[in-house]
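These notes concern the structure reproduced below.
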Amino acid sequence: MRADDAPIYLDGNSLGPLPLATQARIANVVGSEWGNGLVRSWDRWVELPREVGDLIGEHLTGAAPGQSLVSDSTTVNLFKLVSAALDAQPGRTVLVTDDDNFPTDRYVLEGIAAQRGCELRMIHTDTDDGLAEDTLVAALGPDVALVSLSHVAYRSGALADMARITGLVHEAGALMLWDLCHSVGAVPVRLDESGADLAIGCTYKYVNAGPGAPAFLYVRSDLQPRLLQPIWGWFGQREQFAMGPGYDPVPGIERFATGTPQIVGTVAVEEGTKLLGEAGIDRLRAKGIALTSYLIHLADEWLAPHGFTLASPRADARRGNHVTLHHRDAWRINRALIAAGVIGDYRTPDRLRLGPVPITTRFTDVWDALDRLRQIAADKSYRDLPAALSRVT
Ligand SMILES: Cc1ncc(COP(=O)(O)O)c(C=O)c1O
């Protein structure tokens, strides 16, 4: 439940809210399982990364058991899977991504390319409209090992056609990796059905697992024996507690684990996923579309006259769960909006990003938020704020 004076929260695509069940579960894990059970609790904890991975697959990402694992951060999982994909295809040395992909994705790919002397082929994507298929196709060829893209673009919210793009990449003989950070928990993902090879995603946005909660990865089952990840940690080892002399990874998904898993965060991922599973991802998607199309409708009516333009795809089927509005004073307007009790987000260049939380945001929240926004835009009070961009929140 939300307190009456709580701010209106339209930043679920950055950090999701705290579910009550998670608070109780964490208290139990800390107080009882750790406090009383001590090291004995590892007997149960050790299975959690795979079990919770399977739960994500069942409720949110359309992945059959044995292909998903909760581990590390999105960034580290990306490094592991891209490195493994390159090693598995010695004749192919090119990585493809787009210039609107999330910074950590671009940097990790840039780093891997530099470390190995590979080429990173960066294609151009429209910041507001998302990836153009023909631009991608033009970048494919027999030298491409892997294409790495975001399912939902972090800035515009543009939603890529996973099955179609995966098919195009496969026609060129390359592997396809999807970053699901901005779709998991809000947009149904069908990894198995679309033939995706690899995926990564975070859990602190729409899965509501809290700041720094562990991420997850997906490796299609038939690929697993061929892929060897670069961090040879003991949690990926066969007969882990035999403490053997050399690295001999388990055949299944746990070969992509590294070191001791973060248990408090992993149970938060479990609770968040269970809650979304109970609501049903298709119903959450339907509500997300209704909330964001209502938001766009109000923005057209109330905000367009004040210099706002839509910086997200207008068609529901091409949009994830957030709406981005362009305004030349977006930075100051966002500060004024937060002061007026509405938490949204700013993104370069000059964009206000509004991400309702499908499971908690009400339609009246959208109305109230846009009403406050139109008042701020009309009275221009934001102009009293400093223009400098000191820190992107
Ligand atoms: C698309 C995308 N990928 C990756 C990340 C971040 O990765 P990490 O959890 O490792 O910081 C974000 C964070 O917002 C993101 O939006």
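The values are calculated or read from the model by the stated rules, or taken from the named source; none is laboratory data. Fair warning: this is a prediction, and the values are worked out from it, not measured in the lab. Neighbour counts are summed over all protein chains in view; Cβ atoms, including those assigned to glycine, are modelled from backbone coordinates with ideal geometry. Ligands, DNA and RNA are excluded from the accessible area calculation, which covers all protein heavy atoms including side chains. Shrake-Rupley method; radii C 1.70, N 1.55, O 1.52, S 1.80 Å.
What shape does region 1-65 take by its C-alpha gyration tensor, where a ≥ b ≥ c are the square roots of the eigenvalues and a/c under 1.5 counts as rounded, a/b above b/c as prolate, and the rest as oblate?
Details: a/c = 3.65, a/b = 1.31, b/c = 2.79.
Oblate, since a/c reaches 1.5 and b/c is not below a/b.
Can you sort ILE343, ILE333 by 1.4 Å-probe accessible area, starting with the largest?
Numbers: ILE343 50, ILE333 0 Å².
Descending accessible area places them as ILE343, ILE333.
Please work out the C-alpha center-to-center distance from region 187-220 to region 275-299 and express it in whole Å.
What the calculation gives is 19 Å, centre to centre.
How big is the C-alpha Rg of region 316-393 next to the rule-of-thumb value 2.2 N^0.38 Å, as a ratio?
Numbers: Rg = 12.7 Å, N = 78, 2.2 N^0.38 = 11.5 Å.
Normalised by 2.2 N^0.38 Å, the Cα Rg of region 316-393 equals 1.10.
Please compute the length gained on full extension between LYS274 and ASP222, using 0.36 nm multiplied by the number of residues separating them and subtracting their Cα-Cα distance.
Details: separation 52, 0.36 × 52 = 18.72 nm, distance 2.74 nm.
Separation in residues times 0.36 nm, less the Cα-Cα distance, equals 16.0 nm.
Skipping prolines and chain starts, which residues have an amide H placed within reach, meaning under 5 Å, of the one on SER150, given they are 5 or more residues away or on another chain?
ASP179
Charges on Cβ only, +1 for Lys and Arg, -1 for Asp and Glu, centred on the Cα centroid of the chain; of THR309, HIS327, ALA6, which one is farthest towards the dipole's positive end?
Towards the positive end, the residue furthest out is ALA6.
Given a Förster distance of 22 angstrom, what is the FRET efficiency for ALA315 paired with TYR294, based on the Cβ-Cβ distance and rounded to 0.05? Spell out each step's value before the answer.
Values: r = 15 Å, r/R0 = 0.69.
Once rounded, the FRET efficiency stands at 0.90.
Mind giving me the FRET efficiency for THR93 and ARG238? R0 is 22 Å, r the Cβ-Cβ distance, nearest 0.05 is fine. Mind dumping the intermediate values first?
Working: r = 31 Å, r/R0 = 1.40.
That pair, THR93 with ARG238, gives E of 0.10.
Once amide H atoms are built 1.01 Å from N in the peptide plane, which residues 5 or more positions from ASP11, or in another chain, come under 5 Å H to H?
The list, which skips near neighbours in sequence, is GLY355.
Go through ARG332, ARG226 and list them by solvent-accessible area, largest first, probe radius 1.4 Å. Write out the running numbers ahead of the final one.
On the way: ARG332 40, ARG226 130 Å².
In descending accessible area the options line up as ARG226, ARG332.
Given +1 on the Cβ of Lys and Arg, -1 on the Cβ of Asp and Glu, and no further charges, what dipole in debye does region 266-345 carry about its Cα centre, rounded to the nearest 20?
Numbers: 10 positive and 9 negative charges, 43 e Å.
It comes to approximately 200 debye.
About its Cα centre, how strong a charge dipole does region 1-116 have in debye, to the nearest 20, once Lys and Arg get +1 and Asp and Glu get -1 at the Cβ? Provide the component values of the computation, followed by the final result.
Values: 9 positive and 16 negative charges, 81 e Å.
My answer is approximately 380 debye.
Any idea what diffusion coefficient region 302-357 gets from Stokes-Einstein, in µm²/s, Kirkwood Rh on alpha carbon pairs, 37 °C, 0.692 mPa s? Provide the component values of the computation, followed by the final result.
On the way: Rh = 11.7 Å.
The diffusion coefficient I find is 282 µm²/s.
Please list, ordered by chain and number, the residues whose modelled amide H lies under 5 Å from the amide H of ARG319; skip anything fewer than 5 residues away on the same chain.
Under 5 Å from the amide H of ARG319: LEU159.
Work out from phi, with θ = phi - 60° and the Karplus expression 6.51 cos²θ - 1.76 cosθ + 1.60, the ³J(HN,Hα) of each residue of region 239-251, listed in order in whole Hz, and give x for Gly and Pro.
Per residue, the Karplus-derived 3J(HN,Hα) values read 6, 3, 8, 6, 6, x, x, x, 6, 9, x, 4, x Hz.
Would you mind checking the radius of gyration and Dmax of the chain based on alpha-carbon positions, in Å?
Cα-based Rg and Dmax for the chain come out at 21.6, 71 Å.
With a 1.4 Å probe and every protein chain left in place, work out the accessible area per residue of the chain in Å², rounded to a whole number.
Working: 16420 Å² over 393 residues.
It amounts to 42 Å² per residue over the chain.
How much of the accessible area of the chain, probe 1.4 Å, is carbon plus sulfur, in whole percent? Mind dumping the intermediate values first?
Numbers: 9070 of 16420 Å².
So the carbon and sulfur contribution to the accessible surface is 55 percent.
Could you compute the FRET efficiency for GLN23 and ASP143, with r as their C-beta to C-beta distance and R0 at 56 Å, rounded to 0.05?
Details: r = 51 Å, r/R0 = 0.90.
The formula returns an efficiency of 0.65 here.
Place +1 on the Cβ of every Lys and Arg and -1 on the Cβ of every Asp and Glu in the chain, take the dipole about the Cα centre, and give the residue among ALA27, VAL207, HIS59 whose Cα lies farthest towards its positive end.
Farthest along the dipole direction, towards plus: ALA27.
How large are Rg and Dmax for region 76-149 when calculated on the C-alpha trace, in angstrom?
Values for region 76-149 (Cα only, Rg and Dmax): 11.9, 36 Å.
Below 8 Å, C-alpha to C-alpha, sequence gap of six or more: please give me the relative contact order for region 60-134 in percent. Provide the component values of the computation, followed by the final result.
Working: 58 pairs, mean separation 21.1, N = 75.
Relative contact order for region 60-134 comes out at 28 percent.
Let me cross-check GLU301: its accessible surface, 1.4 Å probe, with only protein heavy atoms counted, in Å² to the nearest 10?
Result for GLU301: roughly 120 Å² accessible.
Which of rounded, prolate or oblate describes region 1-122 when judged by the alpha-carbon gyration tensor and an a/c cut-off of 1.5? Mind showing how you got there, number by number?
On the way: a/c = 2.63, a/b = 1.56, b/c = 1.69.
Because a/c hits 1.5 or more and a/b fails to exceed b/c, region 1-122 counts as oblate.
Hey, could you get me the Stokes-Einstein D for region 152-222, Kirkwood radius over alpha-carbon pairs, 20 °C and 1.002 mPa s, rounded to whole µm² s⁻¹? Walk me through the numbers on the way to the answer.
Working: Rh = 12.8 Å.
Reported coefficient: 167 µm²/s.
How far apart, in nm, are two points set 7 Å out from the Cα along the Cα-to-Cβ line at THR104 and at PHE363?
It works out to 3.6 nm between the two label points.
Could you point to the residue in GLY130, LEU291, CYS118 farthest towards the positive end of the chain's charge dipole, with +1 and -1 charges on the Cβ of Lys/Arg and Asp/Glu respectively?
The residue sitting farthest along the positive end of the dipole is LEU291.
As a test of the formula, what do you get for the chain when each DSSP H run with n ≥ 4 contributes -39,500 (n - 2.57) and the sum is divided by the residue count, at 222 nm and rounded to the nearest 500 deg cm²/dmol? Intermediate results must be reported in sequence, preceding the final value.
Values: 12 runs with 133 residues, N = 393.
The per-residue figure over the chain is -10500 deg cm²/dmol.
Name the shape class, rounded, prolate or oblate, that the alpha-carbon gyration tensor gives for region 191-235, where a ≥ b ≥ c are the square roots of its eigenvalues, rounded holds for a/c under 1.5, and otherwise prolate holds if a/b is larger than b/c and oblate otherwise. Mind dumping the intermediate values first?
Details: a/c = 3.75, a/b = 1.32, b/c = 2.84.
Oblate, since a/c reaches 1.5 and b/c is not below a/b.
Subtracting the Cα-Cα distance from 0.36 nm times the residue separation, let me have the gained length for ALA387 to ALA339 in nm, one decimal.
Working: separation 48, 0.36 × 48 = 17.28 nm, distance 1.55 nm.
Roughly 15.7 nm would be gained on extension.
Label ARG116 and SER32 with points 7 Å out from Cα along Cα→Cβ: what is the distance between them in nm?
Each label point is offset 7 Å from its Cα along the Cβ direction, giving 4.6 nm.
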